[in-house]
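Enquirer: Shown below is the structure under consideration.
The values are calculated or read from the model by the stated rules, or taken from the named source; none is laboratory data. Quantities reported herein were computed from a predicted structural model and do not represent experimental measurements. Positions of Cβ are backbone-derived with ideal geometry, glycine not excepted, and every protein chain shown enters the neighbour counts. Ligands, DNA and RNA are excluded from the accessible area calculation, which covers all protein heavy atoms including side chains. Shrake-Rupley method; radii C 1.70, N 1.55, O 1.52, S 1.80 Å.
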Amino acid sequence: LLAPREFWSSNMPLVGQLPSEIGAMKGMLDLRLHGTSLTGTIPEELWQLSQLFRLDLYDTKLSGTLSSKVAQLSDLEFLRLRDAELTGTLPESLTNMTQLTEVWLDGNKFVGSVPEGLCYQETLDVLIADCLPSSDTGLPQLDCVC
């Protein structure tokens, strides 16, 4: 496990926080930790995995905001953060990620707007966010110009 290229843990009873040491796995290409009970914030060190093409952190208990440093993942094609407990606004730096083909942001507590530039990414095939009215308030969580 010193330098894995892929790490998948789907629907496993992983608990606790994602360790900051994850940033030391520089050759990581594919990180899938969905359906786990991971808690806490996404460690800043994760954004150092510049070779990642897939990041699946959906259906977790991860909280906090999505760092603008996400754009450091310049090779990222798939970003799935759905059904976590993330909050705050979506970083404008998402528009700088020109390799993205799929972005799943729904099921969180994001507020504000989907960055408009993300809507016009030539490579983007799928963009899913909470743009429809919520059953609680009748208002969309995010303003979506797409």
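Enquirer: Go through the residues of segment 115-138 one by one and say whether even a single one is open to solvent by 50 Å² or more (accessible area, probe 1.4 Å), assigned to a loop (DSSP other than H, G, I, E, B) and under 15 Å from Leu57 (Cβ atoms).
Expert: No, the conditions are met nowhere in segment 115-138.
Enquirer: Against the definition (at pLDDT below 95, buried (at least 16 other Cβ atoms within 10 Å of the Cβ) and in a helix (DSSP H, G or I)), how does Leu31 come out, yes or no?
Expert: No; evaluated as a whole, the condition is false for this residue.
Enquirer: Moving to a separate point now. Name, by its number, the condition in (1) in a strand (DSSP E or B); (2) at pLDDT 95 or above; (3) over 25 Å from Val15 (Cα atoms) that does not hold for Gly112.
Expert: (2)
Enquirer: Here is a further query. Taking Arg54 as meeting all but one of (1) modelled with pLDDT under 95; (2) charged (D, E, K, R); (3) touching a strand residue (DSSP E or B) at 6+ places or on another chain (Cβ under 9 Å), write down the number of the exception.
Expert: So the condition that Arg54 fails would be (1).
Enquirer: Would you mind stating whether Asp59 is closer than 30 Å to Asp136 by Cα, in contact with a His (Cβ under 9 Å, 6 or more places away or on another chain) and at pLDDT below 95?
Expert: When the stated conditions are applied, Asp59 passes them.
Enquirer: Considering only residues that are assigned to a loop (DSSP other than H, G, I, E, B) and either out of contact with any Asp or Glu (no Cβ under 9 Å at 6 or more places or on another chain) or crowded, with 17+ Cβ neighbours inside 10 Å (or both), which ones fall in segment 53-76?
Expert: Leu57, Tyr58, Asp59, Thr60, Leu66, Ser67, Leu73, Ser74, Asp75, Leu76, listed by residue number.
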